[in-house]
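Reviewing the structure listed below.
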Amino acid sequence: MQNNRFHIITYGCQMNEYDSAAVSEMFLRKGWVSVPENEADVIIVNTCAVRQNAENRALGRLLTLAGTYPESRVGIIGCVAQEIGKKLLEKYPKIAFAVGPGEIHRLPEIIAGFDRSAHLDVDCLDGKGLRAEIKSGSVKAFIAISRGCENFCSYCIVPYVRGKLRGRPMSDIIEEIKRDIDLYVVEITLLGQNVNSYIDPETGADFAELLEKVDAIDGLRRIRFVTNHPKDMSERVIEAISCLPHVCESIHLPVQSGSSKILKLMNRGYSREKYLDIVRKIREKMPDIALTTDIITGFPGEADEDFQDTVTLYREVGYAGAFAFRYSPRPGTAASNMIDDVPEKLKIERLTAIIDMSQKFAEKFSKSLIGKNRKILVEGESAKNPGMVFGLDRAGRKVILPGKKDLRGQIVNVIIDRAEKWFLFGTKI
Ligand code: 5AD
Ligand code: SF4
């Protein structure tokens, strides 16, 4: 009987996507085969614990899979494994393994050894030597540059489940990027919970220096990075982004709230004024930058006027896009000891208001690009539009244009003719 067919299911952020691709690469190197779930000997569910509903969704899927495939070994990795993996193994004999994000590099050995003890050393891995699988034909790749976070924003479970901030050695990051370029990748996204506080453990180099080194790699055409913490957005980093030719003009700068009172309760380390000051500095250097953000509605103590502060800040910055969430208390965090006093209905009302506003501003941003010449990195054929290809402009907007798949991997100049909220149509010149 075969015992080397695996299937990975991923929930959550881009870091989880990267981790799953790294796990996949480890198994493939050992001669395992990636197959659909109904043919797999081992099913791995990579989970997200950042909000309760994300956690519930991943756990529901895990338990359904374990029930549907009693002959396979079904196990959990990722942030929920770290949070409650031990309890899950005790409660559900059907779950075959639980491995936290700090030990994924040991997964092949744990699975091969039928090891059912929980593996939860959060700080064990700095990412050195991990290589994420590149899907064939992909022109874009993610590269983890650090693991963990020690900002302890009061609502956030990440520092508890992903451990302390550990920079991955710059030499290793550069090696992985070069390997990706050999596999036809031309755009990379540097990933970390907080990329702008990156420090190379070997040389002490900071994020600005990393950007410079990566920008100089032969064959790399574009660099993106997520996610940033406003308190660490130094002038050095802003300068590097504005000067380096391959670094794209888009910055994800999560604000979370526009109220200084709430920001303090969130332990974010900046006020509304400080945040707007950073935005002003960024725009002085890069007037056309696309700024995007994350917002939480209904954090404990959020009064109507605090929410209005978020609305006015949103208008003032005019974000090109945003991810908005309603506050979800997470066990063990400082905010989970505060009174969750905003009624669910109001959290949702405020969330809906932010989503509506984000769509209006997204459309405004997209429309501002009509008639402009944008550089598009073509990723492939558009599934919904025959005879068309798609790609992103440097701001991160999706653009659809007439063309064939031989354009894949090329950067083309496109005049934008028409704009929807989240994508644009144009013609190559
Ligand atoms: N409740 C709601 N949203 C949260 N986020 C993180 N923790 C929580 C929580 N407990 C959001 C933040 C963060 C994004 C990744 O998820 O906006 O930037
Ligand atoms: Fe969570 Fe704050 Fe760290 Fe982001 S910076 S991962 S929100 S603790």
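The values are calculated or read from the model by the stated rules, or taken from the named source; none is laboratory data. Quick caveat, the model's predicted, so the values are computed rather than measured. Glycine also receives a Cβ, built like all others from the backbone with ideal geometry; neighbour counts cover every protein chain displayed. Remember, those area values only see protein heavy atoms, side chains included, never the ligands or the DNA or RNA. Shrake-Rupley method; radii C 1.70, N 1.55, O 1.52, S 1.80 Å.
Once the mean of 1/r is taken over each pair of separate Cα atoms and inverted, the stretch 366-429 shows a Kirkwood hydrodynamic radius of 11.1 Å.
At a Cβ-Cβ separation cutoff of 4.7 angstrom, cysteine residues of the chain with no neighbouring cysteine are Cys13, Cys48, Cys79, Cys124, Cys149, Cys243, Cys248. Counting only Cβ charges, +1 for Lys and Arg and -1 for Asp and Glu, the dipole size of the stretch 302-429 around its Cα centre is about 1060 debye. Counting only protein heavy atoms and using a 1.4 Å probe, the accessible area of Thr312 comes to about 60 Å². Build a GNM of the chain with springs between Cα atoms under 10 Å apart, and of Thr68, Thr333, Thr227 the one that fluctuates most is Thr68.
What you get for the stretch 72-184, charging only the Cβ of Lys and Arg (+1) and of Asp and Glu (-1), is a dipole of about 300 debye around the Cα centre. Based on C-alpha pairs under 8 angstrom that are at least 6 apart in sequence, the chain has a relative contact order of 10 percent. Normalised Debye scattering of the stretch 244-373 at q = 0.18, 0.20 Å⁻¹ gives log10 I(q)/I(0) of -0.99, -1.16, counting only Cα atoms as equal scatterers and leaving out solvent. Assuming charge only on the beta carbon of Lys and Arg (+1) and of Asp and Glu (-1), the dipole of the stretch 5-119 about its Cα centre is about 240 debye to the nearest 20. Computed from backbone phi with θ = phi - 60° and the Karplus coefficients 6.51, -1.76 and 1.60, the 3J(HN,Hα) list for the stretch 114-131 is 6, 7, 9, 7, 6, 10, 9, 7, 5, 9, 5, 10, 9, x, 4, x, 6, 9 Hz; x is used for glycine and proline.
Amide H contacts of Thr189 (H built 1.01 Å from N, in plane; Pro and chain starts excluded): Ala141, Phe142, Ile143, Arg224 sit under 5 Å, all sequence-distant by 5 or more or on other chains. Computed over protein heavy atoms with a 1.4 angstrom probe, the accessible surface ordering of Lys372, Lys87, Lys264, largest first, is Lys264, Lys87, Lys372. Sequence-distant contacts, meaning Cα pairs under 8 Å at least 6 residues apart, place the relative contact order of the stretch 15-121 at 24 percent.
Express in whole angstrom the spacing between the alpha-carbon centres of the stretch 263-279 and the stretch 303-358. A separation of 15 Å, based on Cα centres.
Taking every full run of DSSP H in the chain, the ones that stretch at least 27 Å from end to end by Cα along their long axis and average -1.0 or higher on the Kyte-Doolittle scale are 344-367.
Considered as an equivalent ellipsoid built on the Cα gyration tensor, the stretch 140-367 has semi-axes of 32, 21, 15 Å, the largest given first. The alpha carbon centroids of the stretch 174-212 and the stretch 1-77 are separated by 27 Å. Rounded to the nearest 500, the 222 nm mean residue ellipticity of the chain from helices alone is -10500 deg cm²/dmol, with -39,500 (n - 2.57) taken per DSSP H run of at least 4 residues.
The antiparallel fraction among DSSP beta bridges confined to the stretch 140-367 stands at about 10%. The orientation-averaged projected area of the convex hull spanned by the Cα atoms of the chain comes to 21.0 nm².
Quick check on the chain: of the DSSP beta bridges with both residues there, what percent are antiparallel, nearest 5%?
Values: 22 of 63 bridges.
Given both bridge residues lie in the chain, the antiparallel proportion sits at roughly 35 percent.
Ignoring ligands, DNA and RNA, how do His252, His105, His7 rank by accessible area with a 1.4 Å probe, largest first?
Values: His252 25, His105 65, His7 45 Å².
Largest accessible area first, the list is His105, His7, His252.
Look at the dipole of the stretch 5-119 built from charges on Cβ: of Ala40, Ile111, Ala54, the Cα furthest out on the positive end belongs to Ala54.
If we count chymotrypsin sites (Phe, Trp or Tyr not before Pro) as exposed when they sit in a DSSP loop and have at most 16 other beta carbons within 10 Å, what is the longest stretch of the chain that avoids them all?
Details: sites that count: Phe114, Phe152, Tyr184, Trp422.
In the chain, the maximal stretch lacking such sites is 185-421.
What per residue convex hull volume, in Å³, do the alpha-carbon atoms of the stretch 80-188 yield? Let's see the in-between values first.
Values: hull volume 14.3 nm³, N = 109.
That works out to 131 Å³ per residue.
Apolar share of the accessible surface for the stretch 292-429: 55 percent from carbon plus sulfur atoms, 1.4 Å probe. Got a sec? Charge dipole of the chain, +1 on Cβ for Lys and Arg, -1 for Asp and Glu; which of Leu265, Tyr69, Leu369 is way out at the positive end? Projecting each Cα onto the dipole axis, the largest value belongs to Leu369. All Cα-Cα distances of the stretch 31-134, cut into 10 Å bins from zero to the largest, leave 15, 48, 33, 4 percent in each bin in turn.
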